[in-house]
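*Asks:* Dropping a structure here in structure tokens format, bear with me for questions.
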Amino acid sequence: MLFLKNVIYVIILPGTVSVLVPHFLLARNHTGIPPFWGAPQYLALLLALFGIAIVGRCIWDFATVGHGTPGPPDPPKALVIRGLYQEVRNPLYLGLLSLLMGETIFFSSLSLLRYMAGYWIFVHLMVVWYEEPCLLRKFGQSYERYCQTVNRWIPGRKQAAFL
């Protein structure tokens, strides 16, 4: 059942952010797949695949460690601080950003660039004003210690040891 919930979550939120909205933006501007691929398109594919791998790993960690989904309807029961979450507090959002950056570069789309910037601003504000206060209320000192040890956006630990 948890696996199904995570699949539904991936389809609804990351799928909308990284597939549905970009599709509509590209269709509105009549942007199709470039007929000739150069270095930018291959770099873009790498960025997109990297982003997909990050999102997949994060979903796996939420299910196996957190026993929930990243979505508010079925939040994790345990604080997820393993895997990529040891390096940065918000790898799922960074994975989606990498995917959007790949799409933006692949299609050389100004509308996707604006969308990606808006996504980044929205996510940052949501994390700071909503998610972090909710996680602090739910997990208390363990989340506070986690925040003191692991950076929000830039991978790397603030201190030598966490656990």
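The values are calculated or read from the model by the stated rules, or taken from the named source; none is laboratory data. Nothing here was measured: the structure is a model prediction, and the numbers come from that model. Note: ideal-geometry Cβ built from the backbone for every residue, glycine included; neighbour counts use all protein chains shown. Accessible surface areas use protein heavy atoms only, side chains included; no ligands, DNA or RNA. Shrake-Rupley method; radii C 1.70, N 1.55, O 1.52, S 1.80 Å.
*Asks:* Inside the range 121-163, can you point out the residues that are without any contact (Cβ under 8 Å) to a residue 40 or more places away in the chain and in contact with a helix residue (DSSP H, G or I) (Cβ under 6 Å, 6 or more places away or on another chain)?
*Replies:* Within the range 121-163, V123, L136, K158, Q159 meet the criteria.
*Asks:* Okay, next question. Considering the range 25-55 alone, what residues qualify as being without any contact (Cβ under 8 Å) to a residue 24 or more places away in the chain and more than 13 Å from E103 (Cα to Cα)?
*Replies:* Of everything in the range 25-55, those that are without any contact (Cβ under 8 Å) to a residue 24 or more places away in the chain and more than 13 Å from E103 (Cα to Cα) turn out to be A27, H30, P35, F36, W37, G38, A39.
*Asks:* Test L45 against the criterion of being open to solvent by 40 Å² or more (accessible area, probe 1.4 Å), modelled with pLDDT of 95 or more, out of contact with any Ser or Thr (no Cβ under 7 Å at 6 or more places or on another chain) and of a type outside the set (G, A, S), and give yes or no.
*Replies:* Taking the combined requirement at face value, the residue satisfies it.
*Asks:* A follow-up question, please. Taking the criterion of being more than 13 Å from the chain's Cα centre (by Cα), not in a loop (DSSP other than H, G, I, E, B) and not hydrophobic (A, V, I, L, M, F, W, C), would at least one residue in the range 67-76 satisfy it?
*Replies:* no
*Asks:* Out of all the residues in the range 139-153, which are open to solvent by 20 Å² or more (accessible area, probe 1.4 Å) and hydrophobic (A, V, I, L, M, F, W, C)?
*Replies:* Those that are open to solvent by 20 Å² or more (accessible area, probe 1.4 Å) and hydrophobic (A, V, I, L, M, F, W, C): F139, C147, W153.
*Asks:* Can you find a residue that is in a loop (DSSP other than H, G, I, E, B) and surrounded by fewer than 17 Cβ atoms within 10 Å (Cβ to Cβ) anywhere in the range 92-108?
*Replies:* Checked against the condition, which is being in a loop (DSSP other than H, G, I, E, B) and surrounded by fewer than 17 Cβ atoms within 10 Å (Cβ to Cβ), the range 92-108 yields at least one hit.
*Asks:* Pairs under 6 Å by beta carbon, first residue farther than 17 Å from A53 by Cβ and free of Cβ contacts under 8 Å to residues at least 24 places away in the same chain in the range 100-113, partner of a type in the set (S, T, N, Q) and assigned to a helix (DSSP H, G or I), six or more apart or different chains?
*Replies:* L113/T104
*Asks:* Something else: For the range 24-38, how many residues meet the condition of being under 11 Å from L112 (Cβ atoms) and assigned to a loop (DSSP other than H, G, I, E, B)?
*Replies:* Looking only at that region, the number is 2.
*Asks:* Continuing with the same structure: State all residues of the range 77-86 that are surrounded by 14 or more Cβ atoms within 10 Å (Cβ to Cβ) and assigned to a loop (DSSP other than H, G, I, E, B); if no residue qualifies, say none.
*Replies:* L79, V80, I81
*Asks:* Restricting attention to the range 82-117, which residues are under 15 Å from the mean Cα position of the chain (by Cα) and of a type in the set (A, V, I, L, M, F, W, C)?
*Replies:* L84, V88, L92, L94, L96, L97, L99, L100, M101, M116, A117
*Asks:* Tell me yes or no: at least one residue of the range 57-64 is open to solvent by 40 Å² or more (accessible area, probe 1.4 Å), of a type in the set (K, R) and in contact (Cβ under 8 Å) with a residue 24 or more places away in the chain.
*Replies:* Checked against the condition, which is being open to solvent by 40 Å² or more (accessible area, probe 1.4 Å), of a type in the set (K, R) and in contact (Cβ under 8 Å) with a residue 24 or more places away in the chain, the range 57-64 yields at least one hit.
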